[in-house]
1. For a bin width of 10 Å, list the pair-distance distribution of chain A built from all Cα-Cα distances, rounded to whole %.
2. Below 8 Å, C-alpha to C-alpha, sequence gap of six or more: please give me the relative contact order for the stretch B:26-279 in percent.
3. How compact is the stretch A:209-365 by the rule of thumb for globular proteins, expressed as Cα Rg over 2.2 N^0.38 Å?
4. Of A:267, A:133, B:82, which is farthest towards the positive pole of the protein assembly as shown's charge dipole, taken about the Cα centre with +1 and -1 on the beta-carbons of Lys, Arg and Asp, Glu respectively?
5. Excluding ligands, DNA and RNA, what is the solvent-accessible area per residue of the stretch C:44-265 at a probe of 1.4 Å, expressed in Å²?
6. Rounded to the nearest 5, what is the percent of antiparallel bridges among the DSSP beta bridges in the protein assembly as shown?
7. How big is the C-A contact in terms of buried accessible area, both chains counted, 1.4 Å probe, rounded to the nearest 100 Å²?
8. What are the principal axis extents of the Cα atoms in the stretch B:26-279, in Å, biggest first?
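The values are calculated or read from the model by the stated rules, or taken from the named source; none is laboratory data. On a predicted model such as this, the values are computed, not experimentally measured, just so you know. Because the Cβ atoms are built from the backbone with ideal geometry, glycine has one as well, and the counts that use them run over all protein chains shown. For the accessible areas, the whole protein counts, side chains as well, though only heavy atoms, and no ligand, DNA or RNA atoms are used. Shrake-Rupley method; radii C 1.70, N 1.55, O 1.52, S 1.80 Å.
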Amino acid sequence: MLRSLAALLLLTTAAAADTADGQALKAMTWDQIVEEARGGTVNWFMWGGADNINAYVSGYVADRLKSDYDITLNRVPITDAAEIVNLVLTEKEAGVTDAGTVDLIWINGENFRSMKQADLAFCGYTDLFPNNTLVNWDNPAIANDFGVPVDGCEVPWNTVQFAFAHDSATLVDPPRDMAGLLAWIKANPGRFTYPAPPDFTGSVFVRHVFYHAAGGPDALLGPFDQARFDAVAAKTWAILNEIEPFLWREGRTYPTTVTQLNELFANGEVAFTFNYDPAQFGIAVQAGIYPETVRSYGLADGTIGNTNYTLIPFNSPNKAAAMVLQNLLLSGEAQLEKAKAEVWGAAPAIEIGRTSPQVQAGFAAIEAHPSVVPAAELAKAALPELQADWLTAIEAGWTANVGN
Amino acid sequence: MSRRTRPLLLLAPALVLLGGLFFAGLGLGLVRSFRYMPALGLDTPDLAAYAAILQSGTFLASLGLSLWIAAASTVLASILALGTALLLRETFPGRALIGFLVQLNLTIPHVVGAIGILYLVSQSGSFARLAFAAGLVAVPSDFPPLTHDPLAIGIILTYVWKELPFIALILLANLQAIPPGHEAAARSLGAGRWQVLRHVTLPLLMPGLVAASSLVFAFAFGAYEIPLLLGAHAPEALPVATWRGFTAVDLMHRPEAYAMAMIVALVSAVLLALYASFALPRRARP
Amino acid sequence: MTVARLQLMAGVVLAAALIAPLVPLAIWSFAHGWRFPDLMPRQYSLAAWTFALSAQSGVLSSLWTTFAIAGATTVVAAVIGLPAGRALGLYDFPGKRIVLLLLIAPALVPAIAIAPGLHAVFLHLGLSASWTGVVLAHLIPVIPYMTLILAAAFARFDPVHEDQARSLGARPWQVFRHITLPMIGPSLLIGSLFAFLVSWSQYLLTLVIGGGKVQTLPLTLYSFAAAGRNDITGAIALIYILPGVVVLIFTARRITGRHPSLARGLAP
């Protein structure tokens, strides 16, 4: 009770050190911003379902933020970033412009597009970061988030690339391309399924089928094109409806989340799971959820990769502290720490070649988890993301044509 | 202070607080369900949001599913609760333990119950493993799908598990209030066990049972986190569909979400009327 | 003889059914992986408990938050519910049915119907994402239970005793302390227990009004359940139900008697 009261008091005093005025901050030097941020609090809303990611953030990151800058990190665990986009939107609609709830969000894709379109993001400050030089903004996969130009509205944190996982003890030789996978599904009734879009992971699986139907992503890049969409979508729904009777529970129902798919995979009900972040396979093996014989791989025709970011909402009252945190997350040391297999295994969003020799040596010494396909191997066949308008069209189309 | 104003003064804090919060929340929702949101440029109220959802197959399927969940849960929980209350009235070994367990269940949050049921009855859950050990199933898909299933059996099981004790305790309190003479008189007139139950005990329990069932129906109809954990991908329970509408980033979908919320409230209003006609005496203090 | 045996069997089945869903949660909390078709885990571990009890997981701070909010909600509900219960139990007045209906409505209308509108109101008042806002929101479903349980107690209460004490020179506080409270005490306790539990298990109201920042245990629990960490979920679930059990044992001892104590508060 006393601790709670103390926490309550802390919350109210933190509001006193207000750095809501982003324009004023942008006119300052980095040292001045760090001074402004000192003694403050930052409320970071992030997906909270992985204990090792939570431990990295609440441990390593929070400790360094406290010891180096005297900033308190309040990690706010959430289930879905869309709810937080909606929260900021509701605040804006209610006229809350400088006392918002959220200081930082872990975000990408459709949610980023929504925030940018509705002017919910604080933009144009990343040049101030000392660690901004580590970021290769010339790389289109960093400078664009699902085809939407980042424009200084968010800061990269991790890069990921989609991969499949299978149990090598029961399935020695899994199909290595999309055509092979579709044939395998029909030959092995009930042993495959995917989460129903708009689940993030289910949606990216459907996009792989969409690319396959289109004969590759090249014709789909660029702004949304209704005619092209209609042509490819018709083929995609035909493929997905054709395999439906061969899916888990004859396709009458789909898992609602990737967690449910993981559960089916762990218990041997289905032969595959898949994830945007292959590090999750290693984490699940370490936690005993999957057997140690689980292995992961990409497709010969490529898998989709993207970058995830952190973003400061326009109405954050603690922008200085959030900026200091973003800069810290970009540092070579923080990126190295989370790249370690026993910590998280997340691929860095910075150029390793631009970091210090010690950090480079640290990256070189990382031993990948045997269940996690190395990022370098996946990168040999990487596919770009489509622009967010394509994604929403594919998700809506799936619901109407396949998942009804 | 007159006898007329005193009760109103005593009631004022509760009525002001509840009125201020509850009716403000409901009222604002109602206004927005008529597509009146000046901040978004919607300044002519209309019924388009209601028209849109009432013509949508997804909404009707969600409404139907939620009504099914609530009805099935309420009927099952009520019947089992009646048995439990009658059982707990008797003296038998272990009665105290069961009485404690029934009360204990009341303290367990719904989310915990839902997760426990999931681990218990899913196709790879504890029951499926027992069935495997007994040689009844070879693989998880041989076990009947009880979670994420079209009939929402897992959701209903959770509500029955959680609400049975709630109804049973209310019925037990009512049973204890029945003067012992009533049932004994019927027995002495030659009525059998069943006849006493049917013609004496049940009618006396009815008001309490209807009141408790209304509360349970309202809860099972409107709870969000349980169908979220245990529901199939389509159709979604109405509260899940409503919440998805609120979190849709396109603000133009909000009036439809508010309209769905108002339909949830409307169903509760019907239950309130039912509750009132059975459980609220015309005059509280004779 | 057969009736007694039937009763016993029904009792055993009932007890098993009430306990069953908690068993896998408890086993999971000590499991290091537990896959089909294993009846029991092959490997046990304290990792989930170590994590759940560590400062980094935020579980314990959520526990205090949940406690403080449920406690504050209960106290406020009692302060508001006592006079309201007294008015409904002791007096007859025109419009009483309407008042009763208005008081019951918030207990029947689900949170999903009011939370979004309430959030918009609280945003304007600066109450969203604050403890105060969450406590106020929790009062909506809590006050009806508290008031109705106390109204039932006051309906059995004879105010003549208060008048006697007053005529003997007792001050209002002394009258309440020595006459009123002992007579309605058990019902106040039951009402408080209900209030505490209703607030304790709120999910949606806390999520919407607290904006994620007021992190109570159901929110923490749900985020791990949604991520498929069954071991950590099991540990948090057990931590989550423990205080309710303790409160129940405490109140069950205070209210002696043959019948289950919660039922007494619900008596007509």
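1. P(r) over chain A, rounded to whole percents: 5, 22, 31, 25, 14, 4, 0.
2. Relative contact order for the stretch B:26-279 comes out at 31 percent.
3. 1.36
4. B:82
5. Ligands and nucleic acids excluded, the result is 34 Å² per residue.
6. Counting DSSP beta bridges with both partners in the protein assembly as shown, the antiparallel share is about 65 percent.
7. 2900
8. 73, 53, 28
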